[in-house]
1. Could you pull out the residue among Asp90, Asp59 that is assigned to a helix (DSSP H, G or I), modelled with pLDDT of 95 or more and either surrounded by fewer than 18 Cβ atoms within 10 Å (Cβ to Cβ) or among the aliphatic types (A, V, I, L, M) (or both)?
2. Only residues in region 97-124 that are closer than 17 Å to Thr5 by Cα count as the first member; pair them with residues that are polar (S, T, N, Q) and crowded, with 21+ Cβ neighbours inside 10 Å, Cβ under 9 angstrom, at least 6 apart or cross-chain, and list the lot.
3. Is it the case that some residue within region 93-111 is among the hydroxyl-bearing types (Ser, Thr, Tyr) and more than 13 Å from the chain's Cα centre (by Cα)?
4. Determine if region 128-139 includes at least one residue that is touching a residue at least 60 places away in the same chain (Cβ under 8 Å) and surrounded by fewer than 19 Cβ atoms within 10 Å (Cβ to Cβ).
5. For the condition outside any helix (DSSP H, G or I), of a type outside the set (Val, Ile, Thr) and within 16 Å of Leu27 (Cβ to Cβ), what is the one hit in Lys148, Lys98, Lys153?
6. Just to verify a result, which residue in region 112-125, among those that are closer than 15 Å to Leu43 by Cα and either at pLDDT below 95 or small (Gly, Ala, Ser) (or both), is farthest from the chain's Cα centre (by Cα)?
7. Kindly evaluate Gly52 against the criterion of being buried (at least 18 other Cβ atoms within 10 Å of the Cβ) and in a strand (DSSP E or B).
8. Does Thr71 satisfy the condition of being touching a strand residue (DSSP E or B) at 6+ places or on another chain (Cβ under 6 Å) and among the polar types (S, T, N, Q)?
Amino acid sequence: MKRTTDIINFCENLVVDKRKLRRFITLLDAELPDKFKAPQGTLSIAFFNDDGLAKIHADFMNNPAPTDVITFEGDEFDSDDAGEICASADMAVKCAKKFNNTPSRELSLYVAHGYLHLAGVDDIAEEDAKIMRQAEALALEILDKHFKTQIFKFNV
């Protein structure tokens, strides 16, 4: 089965270079160790502002607080559905400086984090969180190695 990536941007202040984002996903598929690879099929990636993602957080997880990324596993009855990643562009702008990132790199991290959740990597327990941080570091190495310009631009 082949990877396809659908990208939806609900953020007025965000410009997504869809070609670069699809390439990033293709590189994660190719270069991450097998245990960190998301299922093949159609991967949907949607970008929201804080209010939009907070509503999804409330509706599906009963938590109205803003968050950085939410991941939905693919449909078990549709083998072509790899899952969905919903990420907050606003949160990336707010958190970038705190974590010594650009907003684009921070949002790329959120995409990678969601991708890793689809691969089965969890981050609730302390040991699992360590594995998630290691896998995120690998994903950011891939990003830094292959991209000299940013995937996302912010009009803030």
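The values are calculated or read from the model by the stated rules, or taken from the named source; none is laboratory data. It should be emphasised that the depicted structure is a prediction, and the values quoted were computed from it without experimental measurement. Positions of Cβ are backbone-derived with ideal geometry, glycine not excepted, and every protein chain shown enters the neighbour counts.
1. When all the criteria are applied, what remains is Asp59.
2. Leu107/Ser88; Tyr110/Ser88
3. yes
4. Scanning region 128-139, I find at least one residue that is touching a residue at least 60 places away in the same chain (Cβ under 8 Å) and surrounded by fewer than 19 Cβ atoms within 10 Å (Cβ to Cβ), so the answer is yes.
5. Lys148
6. Only one residue tops the list, namely Gly120.
7. no
8. Taking the combined requirement at face value, the residue satisfies it.
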